[in-house]
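Written below as C-alpha cells is the structure these notes are about.
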Amino acid sequence: MFCRDQNMSSNSPTISFKLITDALLDNSKPFSPKYLHYFSDINSEDLKTLTGIWPQVDAERRFALLKDLQDLQDSDTLLSHEEIARLALRDENPRVRSQAINLLWEYDDFHLVPIFCHMSQHDDDVRVRASAVSALGKYVLMGEREEIPTSLLNEIIRILFKIITEYAEDILRRAALESLSYSSDERVRPLIKDALKKTDTEWLTSALVAMGRNLDKCWEKPVISFLDHKNPQIQISAIQAAGELEIKSARQLLINLTHEQSIDSDTLRETIWALSKIGGEETREVLEDMLEKSEESDEIDMLEDALENLTFTEGLHSFDIFNGDNSVEL
C-alpha cells in the first residue's frame, strides 16, 4: 500500500500527526496540501487522534478535506482513505456525510451495504439519503456479476424498489432508478420507460443514465433521439448512454458533433469518449486528426486517453469476431 513518505523527499523530516491535526484546527491559515498524503492508510493511533479532534474542526474544513482526499485518490489509485471516510459517515454535518459516501465509492467492501441501506432510508438529510441510494448502485452491479451474496443483492433490490415506488421525494426516486438500472430484474425496464415519458429535465437525465447502465439494445432508438437535444444536461447524458451501449448507428452523429464550432468543452469531452467506446475505423481517423491539430495540453491528454481506450475497444471487438460474433461492426 501507499507509504506516507512516498511523495516526500528522502531528506524531509518526519512530521508528527499532531502537527497535522493542529493545522486542521487552525482556521487562521489554509490547510496545506502537503499534509494530505499523511491521511492515506492512517494507522490506528493517528485515527484515534483524528477522531478525538474531528468534531472541533470547522465543518467546511472537514468537507474540504474529504473533497481534497477524493481528488487525490482519483489521481492515485494506491491511496486509501477508507477509515477517514467511515469516520465522516457519522459526522453531524450532512455535506460531510454525503462527501464521505462519495469517498467510499472506490471500495468494494460489501460490508458497507448495510450502512448505505440504513442511511438511504433513515438519514435526517434527503441529499445524504440520495447519496447512499446512488452508492448502492455499485453493489447492484457487483450482484449481477455474482461478486456479493445473493441474499445481500436481494435486500438492496427490495429497498431500491421500495424507494422508487413508495417514497415521495423525486431526488430519492431518481437515484433509485439509476441504481436499479444495473439489474436484470424484469421490473426495471417499465420504470425506465415511465421516466422517459416525463418532461422534467432531471427525470429525463436519470432515464438516460439508466438506459446506459441497463445495457439493453432496446434503448438505442430513444438514446439516439436525444443526441441533438437543446438541453446540455440531457444531451450529455444521451451521449454517455450511446457510448455505454456502444450504439454504432450513433457514430456518425457523434462525429458530426465534434465538428460543430459551438460545442462546449464538456460535451466535446463526452462525445470523444463515447466514440472511443463505439469504435470503428472512421472513429480512429477522426480522433487522430483532432490530436494532430490540437494545441491545448488538456485536449491532447483527453484525445490520447480516448485513443488508448479505442485500442482497448478494438481489441474487444476483435475478440468477439474470433469467437464467432458476426454482429460486431468494425
### Task
Inspect region 74-88 for any residue being in a helix (DSSP H, G or I) and more than 30 Å from Asn154 (Cα to Cα) and give the result as yes or no.
yes
### Matching residues in region 216-244 - criterion: being within 17 Å of the chain's Cα centre (by Cα) and under 21 Å from Pro190 (Cβ atoms)
Ser237, Ala238, Ala241, Glu244
### Message
Please determine whether any residue of region 190-211 is closer than 18 Å to Ile163 by Cα, exposed (fewer than 13 other Cβ atoms within 10 Å of the Cβ) and not assigned by TED's automatic domain parsing to the domain that holds Ala242.
### Response
yes
### Message
Which numbered condition in (1) touching a Lys or Arg at 6+ places or on another chain (Cβ under 6 Å); (2) farther than 24 Å from Asp305 by Cβ is the only one that Lys217 fails?
### Response
(1)
### Query
Could you give every pair whose Cβ atoms fall below 6 Å, whose first residue belongs to region 286-304 and is closer than 17 Å to Ala274 by Cβ, and whose second residue is of a type outside the set (A, V, I, L, M) and in a helix (DSSP H, G or I), counting only separations of at least 6 or pairs across chains?
Met302/Arg269
### Task
Would you tally the residues in region 219-244 being touching a Ser or Thr at 6+ places or on another chain (Cβ under 8 Å), closer than 17 Å to Ile278 by Cβ and part of a loop (DSSP other than H, G, I, E, B)?
1
### Query
Inside region 116-130, can you point out the residues that are of a type outside the set (D, E, K, R), crowded, with 17+ Cβ neighbours inside 10 Å and out of contact with any Phe, Trp or Tyr (no Cβ under 9 Å at 6 or more places or on another chain)?
Cys117, Met119, Ser120, Val128, Ala130
### Message
Taking the conditions exactly as written (polar (S, T, N, Q) and under 30 Å from Leu287 (Cα atoms)), does Ser237 satisfy them or not?
### Response
yes
#### Entry: Matching residues, region 146-189, being closer than 20 Å to Asp108 by Cβ, exposed (fewer than 13 other Cβ atoms within 10 Å of the Cβ) and not polar (S, T, N, Q)
Glu146, Glu147, Pro149
### Message
Suppose we filter region 113-146 for residues that are without any contact (Cβ under 8 Å) to a residue 24 or more places away in the chain, part of a helix (DSSP H, G or I) and farther than 17 Å from Ala175 by Cα; how many remain?
### Response
1
#### Entry: Within region 31-47, tally of residues that are more than 14 Å from Lys18 (Cβ to Cβ) and assigned to a loop (DSSP other than H, G, I, E, B)
4
### Query
Which of the residues belonging to region 267-287 are of a type outside the set (A, V, I, L, M, F, W, C), surrounded by 13 or more Cβ atoms within 10 Å (Cβ to Cβ) and either within 24 Å of the chain's Cα centre (by Cα) or part of a helix (DSSP H, G or I) (or both)?
Thr267, Arg269, Glu270, Thr271, Ser276, Lys277, Gly279, Thr283, Arg284
### Query
What is the one condition in (1) assigned to a helix (DSSP H, G or I); (2) surrounded by 15 or more Cβ atoms within 10 Å (Cβ to Cβ) that Asp91 does not satisfy?
(1)
### Message
Given the condition within 30 Å of Arg284 (Cβ to Cβ) and among the hydrophobic types (A, V, I, L, M, F, W, C), answer yes or no: does some residue in region 189-201 qualify?
### Response
no
### Summary
Matching residues in region 243-266 (at pLDDT below 95 and either aliphatic (A, V, I, L, M) or buried (at least 20 other Cβ atoms within 10 Å of the Cβ) (or both)) number 1
## Note on the structure
Of the residues in region 216-246, those that are touching an Asp or Glu at 6+ places or on another chain (Cβ under 7 Å) and of a type in the set (A, V, I, L, M) number 3
### Query
Considering region 147-160 alone, what residues qualify as being in a helix (DSSP H, G or I) and over 19 Å from Glu202 (Cα atoms)?
Thr150, Ser151, Leu152, Leu153, Asn154, Glu155, Ile156, Ile157, Arg158, Ile159
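The values are calculated or read from the model by the stated rules, or taken from the named source; none is laboratory data. Please read these numbers as outputs of a predicted model, since none were measured by experiment. Methodologically, a virtual Cβ is constructed for each residue, glycine included, from the backbone with ideal geometry; neighbour enumeration extends over all protein chains shown.
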